[in-house]
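Asker: Take a look at the following structure, please.
The values are calculated or read from the model by the stated rules, or taken from the named source; none is laboratory data. Please read all numbers here as calculations on a predicted model, not as lab measurements. Counting neighbours? That spans all protein chains shown, and the Cβs are built from the backbone with ideal geometry, glycine included.
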Protein chains: 2
Amino acid sequence: MHEPGASARNVCRIPPRTGAAFRLPKGATLTVIDPQGEQVSDLVAFNADDIRERISSGRSIDYASRIFLTTDDILYSNRSRPMLTIVGDDVGRHDFSLTPCSRDTFRILYGDTDPHHGCQGNLEQALGPFGIAPDDIPVAFNVFMHVTVDGDTGEIAVLPPKSRAGDRIVFRAEMDLVVGLTACSAGQSNNFRFKPIDYVVGAAA
Amino acid sequence: MHEPGASARNVCRIPPRTGAAFRLPKGATLTVIDPQGEQVSDLVAFNADDIRERISSGRSIDYASRIFLTTDDILYSNRSRPMLTIVGDDVGRHDFSLTPCSRDTFRILYGDTDPHHGCQGNLEQALGPFGIAPDDIPVAFNVFMHVTVDGDTGEIAVLPPKSRAGDRIVFRAEMDLVVGLTACSAGQSNNFRFKPIDYVVGAAA
């Protein structure tokens, strides 16, 4: 991204308030880039050979003994197997406690009468061709999402992301995966400026 | 429980390190009791008419804007519909961030070479007859589990439950449910004294 030329041809852009899904082979890297700053990208992953295996916030948090994951942390599956390892992280603050924003999120939390279908709807559309049903979209790893937690009361708040233009996080696939990825549709998570997300798939070493 | 006699006949006991599953009709109450104090009970729930609908930590936390749920809070499904409402709570501290303890938990976190199958194994056995597969057991509502979170670092710690002998939490079913419930198998969550859990199903008002 930072050097125009050959490498730039491999960058995929997810337009504002949309999503994408793609295969990520074992050993390949996935770089998620915030091209303009202060944007969130919801990431979910499934075993490409058996889509009933999917990322699990509960297992990943338990094994890390930490709710905020960063470099060297592992996103585990619901079968306790490593799916993705974080191998680089410019930002260091992401969320792994909330489901993707959805028609219901906008209705229940914000009272929208004609709500956008959100990251949930975008992931449903993108993952459907891989045989993944809406009910099976789990708590997402919400890249760059800045959620604060009060350790005493448990209150959470969603703040603008800490990511600046060009900041990135890099994952390595630990098995053959189907990945779903969005440019977040929720105003609260990106300071009410809907922006794109870029990503790059790197070949296995 | 506190008055011997007719009401005591309705109390079901879950022996240490085991689990149970049962139907809970819409409108009925479920009281979960810690008979000896400092014990945890993992609770999961599924729509009895369509088991693909199940409790969702991510949606419940999002809609409550709080990671610690108590009286008047709602456990939502992955379809954003209310499944259970907490209508009474003697303890006020439960966890909704971790999956049930499992063979993998004991292996990865504690290095056990011959690990117990844990609450996950107990829930798999109890829920299997209802057609619920191991992969579909979600992050549990971990009744009485005392997990602290450092809001700065995100570090979590599992402390002995705050529940004393006889303490209880009461839920009301908002739809016809299949509920899975355990007497927790993890030493860390109950101060290394494995104890039973009691529960009472109350008829719909």
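Asker: Does A:Thr99 count as facing another protein chain (nearest Cβ under 10 Å) and crowded, with 24+ Cβ neighbours inside 10 Å? Please lay out each step first, then the result.
Answerer: Details: facing another protein chain (nearest Cβ under 10 Å): yes; crowded, with 24+ Cβ neighbours inside 10 Å: yes.
Against the criterion (facing another protein chain (nearest Cβ under 10 Å) and crowded, with 24+ Cβ neighbours inside 10 Å), A:Thr99 qualifies.
Asker: Would you mind telling me which numbered condition in (1) surrounded by 22 or more Cβ atoms within 10 Å (Cβ to Cβ); (2) more than 14 Å from every other protein chain (Cβ to nearest Cβ); (3) assigned to a strand (DSSP E or B) B:Ala20 fails?
Answerer: The number of the failed condition is (1).
Asker: Condition test on A:Gly128, is it assigned to a strand (DSSP E or B), surrounded by fewer than 17 Cβ atoms within 10 Å (Cβ to Cβ) and not polar (S, T, N, Q)? It would help to see each step written out before you state the result.
Answerer: Working: assigned to a strand (DSSP E or B): no; surrounded by fewer than 17 Cβ atoms within 10 Å (Cβ to Cβ): yes; not polar (S, T, N, Q): yes.
So A:Gly128 fails the test.
Asker: Anything in region A:145-171 that is hydrophobic (A, V, I, L, M, F, W, C), within 19 Å of A:Val32 (Cα to Cα) and touching a Gly at 6+ places or on another chain (Cβ under 9 Å)? List them, or say none.
Answerer: Residues satisfying the conditions are A:Ala165, A:Ile169, A:Val170, A:Phe171.
Asker: Sticking with this one: Just wondering, is there one or more residues in region A:21-33 that are out of contact with any helix residue (DSSP H, G or I) (no Cβ under 6 Å at 6 or more places or on another chain), on the phi > 0 side of the Ramachandran plot and among the small types (Gly, Ala, Ser)? Lay out the reasoning, then the answer.
Answerer: So the first thing to find is which residues in region A:21-33 are out of contact with any helix residue (DSSP H, G or I) (no Cβ under 6 Å at 6 or more places or on another chain), and the list is A:22-33.
With on the phi > 0 side of the Ramachandran plot added as a condition, the list becomes A:27.
Retained after the next criterion (residues that are among the small types (Gly, Ala, Ser)): A:27.
Yes, the conditions are met somewhere in region A:21-33.
Asker: Ok, one more. Pull up region B:133-149, narrow it to residues that are in contact with an Asp or Glu (Cβ under 6 Å, 6 or more places away or on another chain) and part of a strand (DSSP E or B), then point me to the one that is surrounded by the most Cβ atoms within 10 Å (Cβ to Cβ). Please lay out each step first, then the result.
Answerer: Of the residues in region B:133-149, the ones in contact with an Asp or Glu (Cβ under 6 Å, 6 or more places away or on another chain) are B:134, B:140, B:142, B:144-145, B:147.
Then keep just the ones that are part of a strand (DSSP E or B); that gives B:142, B:147.
Values: B:Asn142: 29, B:Val147: 21.
Looking at residues that are in contact with an Asp or Glu (Cβ under 6 Å, 6 or more places away or on another chain) and part of a strand (DSSP E or B), I get B:Asn142.
Asker: Look through A:Asp150, A:Asp89, A:Asp112 and report the one residue that is more than 9 Å from every other protein chain (Cβ to nearest Cβ), more than 24 Å from B:Arg54 (Cβ to Cβ), free of Cβ contacts under 8 Å to residues at least 24 places away in the same chain and touching a Lys or Arg at 6+ places or on another chain (Cβ under 9 Å). Walk me through it before giving the result.
Answerer: Numbers: A:Asp150 fails: more than 9 Å from every other protein chain (Cβ to nearest Cβ); A:Asp89 fails: free of Cβ contacts under 8 Å to residues at least 24 places away in the same chain.
Residue meeting the stated conditions: A:Asp112.
Asker: Does B:Asp34 meet the test of being within 25 Å of B:Val149 (Cβ to Cβ), in contact with a Phe, Trp or Tyr (Cβ under 9 Å, 6 or more places away or on another chain), within 14 Å of chain A (Cβ to nearest Cβ) and crowded, with 24+ Cβ neighbours inside 10 Å?
Answerer: Values: within 25 Å of B:Val149 (Cβ to Cβ): yes; in contact with a Phe, Trp or Tyr (Cβ under 9 Å, 6 or more places away or on another chain): yes; within 14 Å of chain A (Cβ to nearest Cβ): no; crowded, with 24+ Cβ neighbours inside 10 Å: yes.
Spelling it out, it is not the case that B:Asp34 is within 25 Å of B:Val149 (Cβ to Cβ), in contact with a Phe, Trp or Tyr (Cβ under 9 Å, 6 or more places away or on another chain), within 14 Å of chain A (Cβ to nearest Cβ) and crowded, with 24+ Cβ neighbours inside 10 Å.
Asker: Would you point out which residue out of A:Phe141, A:Phe171 is more than 14 Å from every other protein chain (Cβ to nearest Cβ), touching a residue at least 12 places away in the same chain (Cβ under 8 Å) and closer than 16 Å to A:Ser57 by Cβ?
Answerer: Numbers: A:Phe141 fails: more than 14 Å from every other protein chain (Cβ to nearest Cβ).
Sole residue among the options that is more than 14 Å from every other protein chain (Cβ to nearest Cβ), touching a residue at least 12 places away in the same chain (Cβ under 8 Å) and closer than 16 Å to A:Ser57 by Cβ: A:Phe171.
Asker: A:Asp72 is checked against (1) more than 20 Å from A:His146 (Cβ to Cβ); (2) in contact with a Gly (Cβ under 8 Å, 6 or more places away or on another chain); (3) more than 10 Å from chain B (Cβ to nearest Cβ) and fails just one. What number does that condition carry?
Answerer: Just one mismatch for A:Asp72, condition (2).
Asker: Given the options B:Asp72, B:Asp152, B:Asp104, name the one that is on the phi > 0 side of the Ramachandran plot and either not hydroxyl-bearing (Ser, Thr, Tyr) or not in a strand (DSSP E or B) (or both). Walk me through it before giving the result.
Answerer: On the way: B:Asp152 fails: on the phi > 0 side of the Ramachandran plot; B:Asp104 fails: on the phi > 0 side of the Ramachandran plot.
When all the criteria are applied, what remains is B:Asp72.
Asker: Now, a different point. B:Ser80 is checked against (1) in contact (Cβ under 8 Å) with a residue 40 or more places away in the chain; (2) buried (at least 19 other Cβ atoms within 10 Å of the Cβ) and fails just one. What number does that condition carry?
Answerer: Of everything listed in (1) in contact (Cβ under 8 Å) with a residue 40 or more places away in the chain; (2) buried (at least 19 other Cβ atoms within 10 Å of the Cβ), B:Ser80 misses just condition (1).
Asker: Let me ask you something else. Could you check how many residues of region A:160-192 are at pLDDT 95 or above, outside any loop (DSSP other than H, G, I, E, B) and surrounded by fewer than 23 Cβ atoms within 10 Å (Cβ to Cβ)?
Answerer: Counting residues in region A:160-192 that are at pLDDT 95 or above, outside any loop (DSSP other than H, G, I, E, B) and surrounded by fewer than 23 Cβ atoms within 10 Å (Cβ to Cβ) gives 6.
Asker: Name the pairs whose Cβ atoms lie under 6 Å apart, with the first residue in region A:47-67 and within 27 Å of B:Ala157 (Cα to Cα) and touching a residue at least 40 places away in the same chain (Cβ under 8 Å), the second assigned to a helix (DSSP H, G or I) and not acidic (Asp, Glu), and 6 or more positions between them or separate chains?
Answerer: Close Cβ pairs satisfying both conditions: A:Ile67/A:Ile61.
Asker: Scan region A:195-205 residue by residue and report those that are modelled with pLDDT of 90 or more and assigned to a loop (DSSP other than H, G, I, E, B).
Answerer: Applying the first criterion (modelled with pLDDT of 90 or more) to region A:195-205 yields A:195-202.
The answer is A:Lys195, A:Pro196.
Asker: Let me ask another. Under the condition of being under 18 Å from B:Ser56 (Cβ atoms) and part of a strand (DSSP E or B), which residue from region A:46-64 is nearest to the other protein chains (Cβ to nearest Cβ)? Break it down stepwise before answering.
Answerer: Residues of region A:46-64 that are under 18 Å from B:Ser56 (Cβ atoms), as a first pass: A:46, A:52, A:54-62.
With part of a strand (DSSP E or B) added as a condition, the list becomes A:46, A:52, A:54-55.
Working: A:Phe46: 11, A:Arg52: 4, A:Arg54: 8, A:Ile55: 12 Å.
Among those residues, the one meeting the criterion is A:Arg52.
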